[in-house]
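Participant: Structure provided below as structure tokens; questions to follow.
Values in this text are rule-based calculations from the coordinates and carry no lab data. Worth saying up front: this structure is predicted, and the values here are computed from it rather than measured. FYI the Cβ positions are ideal-geometry reconstructions off the backbone, even for glycines, and counts take in every protein chain you see.
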Amino acid sequence: MRNLSDFGASSRWSNFSHLYIERGAKEFPLTRRIRERFAKARVVEIDDYKTVFARPRQRFQAQKESMKLILAVKKDRFLYDGSGNSQDFSLEDFHYNTLMFNCVYNCDYCYLQGMYPSANIVVFVNLEDYFTATREGIRDRSNPAQPFYLCISYDTDLLAFESVVPYCRAWIEFAREEPDLLIEIRTKSAAYHAIRDLPPTDRVILAWTLSPEPVAARYEHGAAPLRRRLEAVRSAIDDGWPVRLCFDPVLAVPYWTSLYGDLVEEVVRRIDPAEVRDVTVGAFRLSKDHYQRMKRQRKDTPLLYGEFAQEDTTVTYPAGRREEMTAFMRRRLGDHFGEERIFAWT
């Protein structure tokens with residue numbers, strides 16, 4: 001699959017041949033911007049995005065080869081409580097939002113293919129409604145002594161899409177106005193250049209998911225190679241941004257100890273650990289429902305066919321293997337970052 005880590009070249013957008021636009025979304029500024037960007041795309045007006053996105057008997061992986069873009073107005077649920085499958089960093093008011101459905105990348109282990117019926121990308125264009133809901137969340141948060149912690153790149157890779165939908169930029173500027181807000185933008189892209197002109201703020205954490213290069217090349221289709229992610233990390237740190245490094249998910253692939261040990265050493269050769277805000281670690285895990293749907297669809301990847309165990313509603317590696325992996329990563333990372341800056345999902 002071609003590398004989609006930098007969407008600056010218009011030729012790379014040839015797969016967005018169709019724009020499906022809700023009639024209620026037609027007059028939003030972002031809709032006009034996207035229509036200008038994809039001037040040759042066929043435009044289809046629809047009443048509700050679900051008539052395209054949620055129709056039955058779609059083939060997720062087939063659609064990944066020719067994704068379409070759906071522009072919609074989100075009607076409700078502008079904030080969600082953080083998932084138990086994510087680290088909360090000891091913050092009580094942990095939330096995420098869904099500015100987009102789906103991702104331009106196609107990682108073998110991604111839960112989105114078990115969550116959504118379609119691989120087409122939905123962009124919600126009514127950004128001000130999200131801002132309003134976030135202000136209300138900040139006001140009503142349970143612990144005023146802590147910030148309202150919001151992940152905005154949870155069900156997508158927002159930075160990878162920034163040249164088309166400049167939502168990272170908009171949220172960074174919004175965060176400057178909200179002293180009690182803390183945002184995380186997580187990415188596998190190298191597209192830091194899309195926001196590099198913005199002054200840094202300690203209210204926004206830029207987080208990069210890092211995988212060993214053989215793992216990234218085989219299982220993280222379209223995402224930036226490790227080298228380019230680390231170059232982006234280096235640039236963001238040099239510019240003064242708070243940066244989080246995410247060794248998550250850790251995959252039980254052959255020779256995983258060697259691969260992930262080498263990954264840690266490569267990271268600390270390129271990045272001074274003292275300049276990193278914190279680090280996350282987590283073994284591969286999925287919700288039971290997402291795992292079952294993915295396994296039915298994906299006969300082409302070994303990642304879903306290893307030894308797994310179900311714990312409540314989560315499918316992950318058996319406890320012994322998971323504890324071994326977490327302990328290994330804690331030990332290797334702790335040598336450089338210190339235990340107090342490592343947040344692990346266990």
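Participant: For the stretch 10-345, with the dipole built from +1 on Lys and Arg beta-carbon atoms and -1 on Asp and Glu ones, taken about the Cα centre, which of THR313, THR280, ASN143 lies farthest toward the positive end?
Facilitator: Ranked along the dipole, the leading option is THR313.
Participant: If you don't mind, there's one more thing I want to ask. When we measure straight from the Cα of LYS64, which aspartates and glutamates land under 18 angstrom away, once same-chain ones fewer than 8 places off are left out?
Facilitator: ASP6, ASP108, ASP155, ASP157, GLU220, ASP300
Participant: With no other cysteine's Cβ closer than 4.7 Å, which Cys residues of the chain count as lacking a disulfide-compatible partner?
Facilitator: CYS103, CYS151, CYS168, CYS246, each lacking another Cys Cβ under 4.7 Å.
Participant: With both partners inside the chain, how many of the DSSP beta bridges are antiparallel, as a percent to the nearest 5?
Facilitator: 25 percent
Participant: Compute the length gained on full extension between THR313 and LEU91: take 0.36 nm times their separation in residues and subtract their Cα-Cα distance, giving the result in nm to one decimal.
Facilitator: Fully extending the segment from THR313 to LEU91 adds 77.6 nm.
Participant: Leaving out same-chain residues fewer than 8 places away, which lysines sit with a Cα under 18 Å from that of LYS74?
Facilitator: LYS26, LYS50
Participant: So what's the back-of-envelope 222 nm ellipticity for the chain, counting only DSSP H runs of four-plus at -39500 (n - 2.57) apiece and dividing by all residues, rounded to 500?
Facilitator: Theoretical 222 nm ellipticity from helices: -9000 deg cm²/dmol.
Participant: Share of Cα-Cα pairs in the chain beyond 32 Å, in percent?
Facilitator: Cα-Cα pairs of the chain separated by over 32 Å account for 28 percent.
Participant: Next up: If you stretched the chain out fully between ARG270 and GLU128, how much longer would it get, using 0.36 nm times the residue separation minus the C-alpha to C-alpha distance?
Facilitator: Going from the current span to full extension adds 47.2 nm.
Participant: Put a dot 7 Å past each Cα toward the Cβ at ASP140 and THR346; how far apart are the dots in nm?
Facilitator: Going from the THR346 label point to the ASP140 one covers 3.4 nm.
Participant: On a C-alpha basis, how far is the centre of the stretch 117-160 from the centre of the stretch 192-225 in Å? Whole number, if you could?
Facilitator: 19 Å
Participant: Positive end of the charge dipole of the stretch 10-345 (Lys, Arg +1 and Asp, Glu -1 on Cβ, about the Cα centre): tell me which of ALA223, ILE271, PHE328 has its Cα farthest that way.
Facilitator: After comparing all options, I get ALA223.
Participant: Hey, what did the chain get for relative contact order, percent, Cα under 8 Å, at least 6 apart?
Facilitator: That works out to 16 percent.
Participant: Hey, fewest Cβ within 10 Å first, where do TRP345, TRP208, TRP256 land in order?
Facilitator: On the way: TRP345 20, TRP208 25, TRP256 17.
Ranked by crowding around the Cβ, least crowded first: TRP256, TRP345, TRP208.
Participant: Magnitude of the Cβ-charge dipole of the chain, K/R +1 and D/E -1, about the Cα centre, nearest 20 debye?
Facilitator: In debye, rounded to 20, the chain gives about 1660.
Participant: Any chance you could check the Cα centroid distance between the stretch 93-112 and the stretch 32-86 for me, in angstrom?
Facilitator: So the separation of the two Cα centres works out to 13 Å.
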